[in-house]
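Read the figures in this text as sums done on the coordinates, not as results from a lab. Given the structure is predicted, the values throughout are model-derived calculations rather than measurements. With ideal geometry, Cβ positions are generated from the backbone for all residues, glycine too; neighbour counts draw on all protein chains shown.
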Amino acid sequence: MISVNYKFCPVCAGDLDFSKFGDNSPICLKCGFKFYQNSRPTVGAIITDDSRKVLLLKRAKNPSIGMLQNPGGFLMFGEDPKDGLIREVEEEVGVRVSIGKFIGMYTDEYLDDERAGTYATLNLFFEAKIVSGKPRALDETDEVSWFSKDEIKLEELAFENTKQALKDFFANQ
Ligand SMILES: [Zn+2]
């Protein structure tokens, strides 16, 4: 369930009031600052090889440690989505990609730290091809492998947005 759990105003450290708006956007009781909350943007790559297999990685950290996901991650503040996706893929699997077609956008949720609550996410997916390097497990990653459509088991995928993006990707092949 999407719910942030912030205690104090980021401007003046006053107490926050969540009761006025039912949208996870609290108001500061001291200075009146409205602390707007928005879905956090992520970017994901469906990377394919020449036999149309998809590159997936096994997560080395929680949430969903040991489950599979596509390479990708959160955009930095103000970062261009395609630049962010190239950066994330390099960090996680050590390859340089060129970004292809846009696949779709999907809302989801992500629990990063139980103390802070569960964020809403907005996940943008692109097709991608490797232009240099050989995939290997790096940051936050245990293993990387290529999967054909039939080898991907939905119950092994960490996130709902990955399932939706793969479904749309394969539907357009
Ligand atoms: Zn305040």
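Helical content of the chain, expressed as a calculated mean residue ellipticity at 222 nm, amounts to -4500 deg cm²/dmol (DSSP H runs of 4 or more residues, -39,500 (n - 2.57) each, divided by residue number, nearest 500).
For helix 81-93, report the angle its Cα long axis makes with the longest principal axis of the Cα atoms of the chain; keep it between 0 and 90° and round to the nearest 10°. Here the helix axis deviates by roughly 60 degrees.
Among Lys101, Lys82, Lys20, the residue with the largest mean-square fluctuation in a Gaussian network model of the chain, with springs joining Cα atoms closer than 10 Å, is Lys20. Relative to the longest principal axis of the C-alpha atoms of the chain, give the angle of the C-alpha long axis of helix 160-171, reported between 0 and 90° and rounded to the nearest 10°. Once rounded, one gets 40 degrees. For the pair Lys7 and Glu91, what calculated FRET efficiency results from E = 1/(1 + (r/R0)^6), where r is the Cβ-Cβ distance and R0 = 25 Å, to the nearest 0.05? With R0 = 25 Å, the Cβ-Cβ based efficiency is 0.20. For the range 51-67, putting each phi into the Karplus relation 6.51 cos²θ - 1.76 cosθ + 1.60 with θ = phi - 60° gives couplings of 9, 6, 7, 10, 7, 10, 10, 8, 6, 9, 9, 6, x, 6, 4, x, 8 Hz, in residue order, rounded to whole numbers and with x for Gly and Pro.
Residues within the reach of a label modelled at Lys134 (point 7 angstrom out along Cα to beta-carbon, backbone nitrogen below 11 Å), restricted to the range 29-68: there are none. If R0 is taken as 30 Å, the Cβ-Cβ distance between Lys149 and Lys61 corresponds to a FRET efficiency of 0.65. Taking Lys30 as the anchor, which aspartates and glutamates have their alpha carbon closer than 13 Å to its alpha carbon, excluding any fewer than eight residues away along the same chain? Output for Lys30: Asp15, Asp17. Spin-label pair Ser51-Ser39: with each label point 7 Å from Cα along the Cα-Cβ axis, the two points sit 3.6 nm from one another.
Each of the peptides 103-109, 121-127 was scored by the mean count of other Cβ atoms within 10 Å over its residues; in descending order, highest first, they stand as 121-127, 103-109. Near Glu143, the amide H atoms lying under 5 Å from its own belong to Lys58; only residues 5 or more places off or on other chains count, and H is placed 1.01 Å from N.
Shown in residue order for the range 4-10 are the 3J(HN,Hα) couplings computed by the Karplus curve 6.51 cos²θ - 1.76 cosθ + 1.60 at θ = phi - 60°: 7, 10, 8, 9, 10, 5, x Hz (x for Gly and Pro).
Near the amide H of Glu109, within less than 5 Å, lie the amide hydrogens of Thr121, all on another chain or at least 5 residues away, with H placed in the peptide plane.
If R0 is 25 Å, the Cβ-Cβ spacing of Glu156 and Ala116 corresponds to a FRET efficiency of close to 0.40.
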